[in-house]
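Every number here is computed from the coordinates shown, using simple stated rules; none is lab data. Fair warning: this is a prediction, and the values are worked out from it, not measured in the lab. Here the Cβ positions follow ideal geometry from the backbone for every residue, glycine too, while neighbour counts run over all protein chains shown.
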Amino acid sequence: MEETGAWELPSELVLLRDNIKKFMREEVCPAEETLEHDSYRMPNELLEPLQKKAKGELGVWCMNTPKEYGGSELSLLAQAVVAEEAAQCRMGAYVPACGAFGVDPPNVIFDGSKLQIEQYGKRTIEQGLKAFVAISEPGGGADPARAIQCKAELKGNQYVLNGTKLWITGAEAAEWGIVFARTDNGITCFIVDKEMEGIETRPVPVIRSYSPSEVNFVDCKVPVENLLGEEGKGFALCQKWLVHMRIPYSANVIGIAQRALELAIEWAKQRETFRTKLADKQAVQWMIADSEVEIRAARLLAYQAAWQADLGHDVKVAASMAKLYSTEMAGRVVDRCIQIFGGMGVAAEMPLERWYREMRIKRIGEGPSEVHRMVIARDLLRN
């Protein structure tokens, strides 16, 4: 094939994408169909065979975890490819592939000590443990450097944590977590075990199918060995990880939008109204066309950010662009698809109404749209 300089997805990632798509359609989605509409957990008797096949046949397991610790260590571009396909099930917005590909521990743990990696990182992968990351607080989450009021005071050979974290995903079911707190030297990162005294969690019901949590620390004693990195360098430790995670986050909502559009197209081709198919109506055609254009644009933004990250470039702005555009796009696309379906679009037997609720949250998670616009604008105005 003649070299043209045009960029396209490498052949090995095309094969990976097609294998994941087949796995989702033939294995994951049929298993999920046996569950309640708003389920967010796959029973072990259904999940374990899926995980075995994902890990053994597909070679996809804890995608962001280094191979030496049991993960697949996929490139960010490969993670984006998998994330788009893994999102295409009912619970896929927050439980990709219903958990078939495992759950990465917070990647920052692999910057910890050898003992921390063994005790928390490797054990999480090997035993299927769950972890949480606690940054946001009642006073704010988008500007954590100023909003964090949770304090950690060094007393002897332990830190004493006091404060409240809010909107923390997965804290209720987690065995351990990473907490950002303020010390005399600035924002610092700690590892906490859920069984430590002085930790209380409670669910905060929201419009999605499962609740984030409020996590309260009252004189919670954390050993100095659980300090992750150095005092005052918590954000420096995890900044790259937080930026990079916006890319598969973007790919996830692109996958939801793609599947919603496919369902709407199938419906429009068969549904008759006023003696013609919905697909023959110009209004419907325009909704479909606009959605396809926006999905492709979002995908290219996500791919570009992933590609640049894999080349070692700073992708803070590129990741913000992908996150901003993809999450807002997905909301618009799912809304149009519900409109095409009419009443059936909001029926519980369809995934669209669930995705509609969850896409609204996606515009807030990983930084709200307004913050990402600010990041992009500041970069342009500075140059």
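See the values below:
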quantity: Orientation-averaged projected area, Cα convex hull of region 127-235 (nm²); calculated: 7.0 nm²
quantity: Convex hull volume of region 221-323 per residue (C-alpha atoms, cubic angstrom); calculated: 151 Å³
quantity: On Cα atoms only, tilt of 282-310 relative to the major axis of the chain in degrees; calculated: 40 degrees
quantity: Whole-number D in µm² s⁻¹ for the chain, Kirkwood Cα-pair radius fed into Stokes-Einstein, 37 °C, 0.692 mPa s; calculated: 149 µm²/s
quantity: Rounded D (µm²/s) - region 181-266, Kirkwood Rh over Cα pairs, Stokes-Einstein at 37 °C, 0.692 mPa s; calculated: 199 µm²/s
quantity: Listed peptides 132-140, 41-49, 274-282 by packing density, highest first (mean Cβ within 10 Å); calculated: 132-140, 41-49, 274-282
quantity: Cα convex hull of region 244-383, projected area averaged across orientations, nm²; calculated: 9.1 nm²
quantity: Angle in degrees between helix 246-270 and the longest Cα principal axis of the chain, rounded to the nearest 10; calculated: 20 degrees
quantity: Cβ-defined net charge surrounding residue 99, 14 Å radius [Lys, Arg +1; Asp, Glu -1]; calculated: +1
quantity: Intensity falloff of region 11-105 expressed as log10 I(q)/I(0), Debye formula with alpha-carbon point scatterers, at q = 0.14, 0.18, 0.19, 0.24 Å⁻¹; calculated: -0.45, -0.75, -0.84, -1.32
quantity: Ellipticity estimate at 222 nm from DSSP helix runs (n ≥ 4, -39,500 (n - 2.57)) divided over the chain, nearest 500; calculated: -13500 deg cm²/dmol
